[in-house]
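The values are calculated or read from the model by the stated rules, or taken from the named source; none is laboratory data. Keep in mind the model is a prediction, meaning the values are calculated, not measured. Cβ: placed from backbone, ideal geometry, glycine included. Neighbour counts: every protein chain shown. Please note that ligands, DNA and RNA were not included when accessible areas were found on the heavy atoms of the full protein model with its side chains. Shrake-Rupley method; radii C 1.70, N 1.55, O 1.52, S 1.80 Å.
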Amino acid sequence: MEKLGIKAIWREFKAYIIIAIGLLSYCLGWDIFLIPNHMVGGGVTGISAILLYAFGIPVSISFFIINTVLLAIALKVLGKSFGFKTVFATVVVSLYFQFLPQYIPTDFIVEFATSNGKLVCAICGGALAGVGIGICFSVGGSTGGTDIVALIITKYRNVSPGRVILLIDIFIIASSLFLPAQSVSDAGGAAVEVTLGQRLATIMYGYILVGVCSFSIDFYMSGTNQSLQLFIFSKEYDRIADAITQNLGRGVTVFDGQGWYTKRENKVLLVVVHKQDLNFVYRFIKDVDPKAFVSVASVHGVYGEGFEEMKK
């Protein structure tokens with residue numbers, strides 16, 4: 001029991017470390033590529049960016065306030081565990097936005113990001129932010145804000161979180177067109193009002209970056225949650241099945257088969273495992289029967305014990 005308790009504590013601690021790394025990726029995408037280009041994205045960070053450009057309110061402050069309000073929804077619907085992780089995410093992101101810009105040289109941002117054009121920055125910033133959100137989602141965390149809405153919907157519906165976030169972000173970015181006039185600094189440091197054409201261009205770049213962000217979330221999530229289906233043909237099928245069930249805790253189905261070329265009766269094993277477990281299965285098979293014939297295929301929508309829960 002004590003060992004189980006230590007493992008549970010370590011698992012939870014590791015989840016928070018992973019969330020912090022994901023949040024770092026998310027904030028770097030904004031601080032390096034998006035905010036220096038005065039881009040508007042989705043989510044609470046997008047709202048905070050609009051408030052920064054229009055009223056000069058620091059992103060760290062508006063992000064923290066808005067997420068504090070939304071946190072009550074997460075505590076009620078998604079449970080206390082998610083609520084604690086969201087509190088952690090809200091505080092960490094606010095601190096990142098407050099202090100990260102001080103440690104990122106302006107020359108680096110100019111050479112690495114802004115000088116390469118807004119389109120490149122929208123793609124790179126969206127990808128970096130999307131991967132960060134995906135990392136958080138993979139351990140049950142969130143960057144807060146509209147991610148809460150996405151996870152509430154995906155809790156009850158089999159829809160991708162990236163698509164839900166994309167729809168919300170489309171509305172947020174479009175709404176920036178109707179806010180008070182924004183201003184930016186020109187090369188000489190003087191304030192210059194953003195024209196209607198520049199606003200429309202900002203919205204266009206915003207849609208590009210949220211599209212890239214949405215794709216990155218789903219790409220990362222499908223990679224970490226991908227399942228594989230294996231057919232294993234071996235005379236030592238019983239030993240291979242025991243090795244898989246005892247070491248991985250995965251179920252194995254045994255079928256009767258017949259090799260049409262040899263006309264011999266044999267047994268076929270059917271196993272469904274997570275992608276990260278594949279190398280272990282290979283090792284078990286090789287240790288028992290190096291001459292076994294194995295067929296591997298990717299599968300999507302695996303529901304049941306040990307995999308995803310079937311939702312309405």
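For this structure, a couple of remarks:
- Sulfur and carbon atoms: percent of accessible area, the stretch 14-152 [1.4 Å]: 75 percent
- Accessible surface, 1.4 Å probe, highest first, among residues Val271, Val159, Val288: Val159, Val288, Val271
- Rolling a 1.4 Å probe over the protein heavy atoms leaves Asp242 with an accessible area of roughly 80 Å².
- For Tyr156, solvent-accessible area (1.4 Å; no DNA, RNA or ligand), Å²: 110 Å²
- Between Val87 and Ile73, the distance separating the two model label sites (each 7 Å from Cα on the Cα→Cβ line) works out to 2.0 nm.
- Where Ser115, Ser175 fall by accessible area, highest first, once all protein chains stay in place (1.4 Å): Ser115, Ser175
- Heavy-atom accessible surface of the stretch 255-303: percent carbon and sulfur, 1.4 Å: 54 percent
- Residue-wise HN-Hα couplings along the stretch 26-32, as the Karplus relation 6.51 cos²θ - 1.76 cosθ + 1.60 with θ = phi - 60° gives them from phi, are 4, 6, 5, x, 6, 5, 8 Hz; Gly and Pro carry x.
- Once the 1.4 Å probe is applied to the protein heavy atoms, the stretch 37-180 comes out at 45 Å² accessible per residue.
- Distance from the alpha carbon centroid of the stretch 105-154 to that of the stretch 201-262 works out to 26 angstrom.
- For the residue pairs Lys14/Lys76; Lys235/Lys275; Lys263/Lys291; Lys76/Lys155; Lys85/Lys155, the C-alpha atoms sit more than 23 angstrom apart in Lys14/Lys76; Lys235/Lys275.
- In plain terms, the chain from Arg283 to Tyr16 could stretch by 93.0 nm, reckoned as 0.36 nm per residue minus the Cα-Cα distance.
- Each of Trp30, Phe108, Gly130 was placed along the dipole of the stretch 25-184 (beta-carbon charges, centred on the mean Cα), and the one lying farthest toward the positive end is Gly130.
- Each of Thr106, Thr146 has its accessible area taken with a 1.4 Å probe; listed largest first, they run Thr106, Thr146.
- Virtual spin-label span in nm between Lys155 and Tyr103, 7 Å along Cα→Cβ: 3.3 nm
- Surface calculation, 1.4 Å probe, protein heavy atoms: Lys14 sits at approximately 100 Å² accessible.
- The distance between label points at Phe219 and Leu200 comes to 3.0 nm (points 7 Å beyond Cα on the Cα→Cβ vector).
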